[in-house]
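Working notes for the structure below.
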């Protein structure tokens, strides 16, 4: 069919227009693509080069070395010891189960550890090493190394782990470290990247936890070249981190060890404080535990044994435990009355064995009473009626104020876990906490350290140091950080009349050195080391009127948990106080029998810097003391531990 020339011309023009439009669109697309490529290759070249470099080179953190902990004489308390472990790389092992089976024929493997390792392998890349056995012995490492050809993917490694060479002696002071947990991370608003390193350890309790940032140090970093799958090909360079600071404590390790041995078999606590500087020379809680168990991962059986022990070895009784201070509080009541001027040292009170307040009788420990008695004799013989009478005249608010001045009812700032505030109650406190008005009977109870009154052994040691010196001595635990001396706790002069304080000290001296004193049997014979002290017995049960009429049941005839707590506080030498000591024996009965002998032995050990001569003790005690010294010296000798043998 022959087309019309005009129609052909029209179709040709239409095709040409479409070709031009299509060509223009293609040209625009190519132009845009070229422009974009130029923009990316030229103008953004540096940015893409950086991204490529970051994909090729990774930054890996290097865990810092944790700072060491020393006692005041340079003896090591917390250190980093070599720790041997066995790791497995899944892709190198091939048949993981078969390799593990072969490994188990050489060294003991815990099923719990194996299960944890399998879980970690499932979550990790196949080329990453996973710990399959930790804290293994050098002998086990040797076995694995010798049989390496038969154990593909298995590699022995050496690292650093925290070790406490003094074992139980410092468990409550230093605490222990452990792997970072999800809970630990949740407590931090912006956790440092180093805390996310697998099995990285931080302080969990005690000084390790309170001084974590000081001891941890700063992580280092290394640049490593990795392939497309993330495998490390080579290390390019590294920047070492900053090791944690070394801490020197105020504590004397030898004295601490002696006290732990002396308290053996008791549920008790003792604190020794330097009267001049406030240094805590010893701070003990018994029974104790081995903190190394927690570092390695404590077994269920070991943990159950600790938690089910009625003596509560995990509890730090020296700073966390609070007890009614009993008669050791009477010096505070006396100071409040003397400072207020409601009673003088020579003013007497008649003690018939009780004081009637309203319709209630408040009894003295001596059923027949002490008769006419003054300040010196009231402390020396621990008359309760004298202090009931004194407290009713001065009032609870002044007694509470005096308590705080001497270090009770306040939380002392030392880097240990769960440091208790104690309680020095007043009228406002009871109104706020209990919604009740303060009663006159509450004042009578508080005057002899009972009722609402609570104090820790640390607070009682502070109180005694302040009574001995007349200064606001405060406790210091960290002596230096990386060799830099920390401020002492010498304190300023207390705003009290020194004549009144001297009267109280004189009465405390009589407690230990007068034949009628409650602690006379636990006196020090050596003249230059004579001590002043005060016994205390804090009641833990109510004595009914019927029991009192029939005769109060002796502590020895009661179940252990219903017996009274025994307390004793002292300082020596009397003329130039060097140390203040507090001792609490839970459910020990009378303070003069259970706590005073312990405190006497401790303060002599501190004063002599070692085993004191028998001449410092009363003649009647020397045979017993000699046997005790021999036994304690044997208990303090280093004993071989399984993990020590493993490190040898």
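For region 435-448, a residue qualifies if it is farther than 14 Å from residue 363 by Cα and part of a loop (DSSP other than H, G, I, E, B), and the qualifying residues are 435, 436, 437, 438, 439.
Going through 476, 530 one at a time, which residue ends up being in contact with a strand residue (DSSP E or B) (Cβ under 8 Å, 6 or more places away or on another chain) and within 22 Å of residue 404 (Cβ to Cβ)?
476
Exactly one residue out of 408, 423, 355, 439 is more than 30 Å from residue 175 (Cβ to Cβ) and in contact (Cβ under 8 Å) with a residue 12 or more places away in the chain, and it is 355. Being at pLDDT 80 or above and closer than 27 Å to residue 312 by Cβ, is that true of even one residue in region 141-162? Yes - at least one qualifying residue is present in region 141-162.
For every residue, the table says whether it meets (1) more than 30 Å from residue 388 (Cβ to Cβ); (2) more than 20 Å from the chain's Cα centre (by Cα); (3) outside any loop (DSSP other than H, G, I, E, B).
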residue	(1), (2), (3)
284	yes, no, yes
293	yes, no, yes
303	yes, no, yes
316	yes, no, no
329	no, yes, yes
336	no, yes, yes
344	no, yes, no
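When 455, 468, 444 are screened for being assigned by TED's automatic domain parsing to the domain that holds residue 388, under 14 Å from residue 274 (Cβ atoms) and crowded, with 23+ Cβ neighbours inside 10 Å, only 468 passes. How many residues are surrounded by fewer than 24 Cβ atoms within 10 Å (Cβ to Cβ) and not in a helix (DSSP H, G or I) when one looks only at region 365-404? The qualifying residues number 12. When residues in region 68-82 are screened for being surrounded by 19 or more Cβ atoms within 10 Å (Cβ to Cβ) and part of a strand (DSSP E or B), 4 of them pass.
Going by the conditions given, is residue 99 surrounded by 10 or more Cβ atoms within 10 Å (Cβ to Cβ), part of a helix (DSSP H, G or I), in the same structural domain as residue 168 (by TED's automatic domain parsing) and modelled with pLDDT of 65 or more? Don't jump to the end; show me each part of the working.
Numbers: surrounded by 10 or more Cβ atoms within 10 Å (Cβ to Cβ): yes; part of a helix (DSSP H, G or I): yes; in the same structural domain as residue 168 (by TED's automatic domain parsing): yes; modelled with pLDDT of 65 or more: yes.
Taking the combined requirement at face value, the residue satisfies it.
Can you name every residue in region 422-432 that is in a loop (DSSP other than H, G, I, E, B) and more than 12 Å from residue 403 (Cα to Cα)?
First pass over region 422-432, keeping only residues in a loop (DSSP other than H, G, I, E, B): 422, 424-426.
The answer is none; no residue qualifies.
Yes or no: residue 505 in the same structural domain as residue 329 (by TED's automatic domain parsing), within 22 Å of residue 528 (Cβ to Cβ) and in contact with a strand residue (DSSP E or B) (Cβ under 7 Å, 6 or more places away or on another chain)? Yes.
Could you please find all residues in region 593-612 being outside any helix (DSSP H, G or I) and buried (at least 24 other Cβ atoms within 10 Å of the Cβ)?
So in region 593-612, the residues outside any helix (DSSP H, G or I) come out as 595, 609-612.
Correct list: 595 only.
When each of 265, 278 is tested for being surrounded by 24 or more Cβ atoms within 10 Å (Cβ to Cβ), outside the structural domain of residue 79 (by TED's automatic domain parsing), at pLDDT 90 or above and at positive phi, the lone residue that passes is 278.
The values are calculated or read from the model by the stated rules, or taken from the named source; none is laboratory data. Computed from a predicted model, the values in this text were never measured in an experiment. Neighbour counts are summed over all protein chains in view; Cβ atoms, including those assigned to glycine, are modelled from backbone coordinates with ideal geometry.
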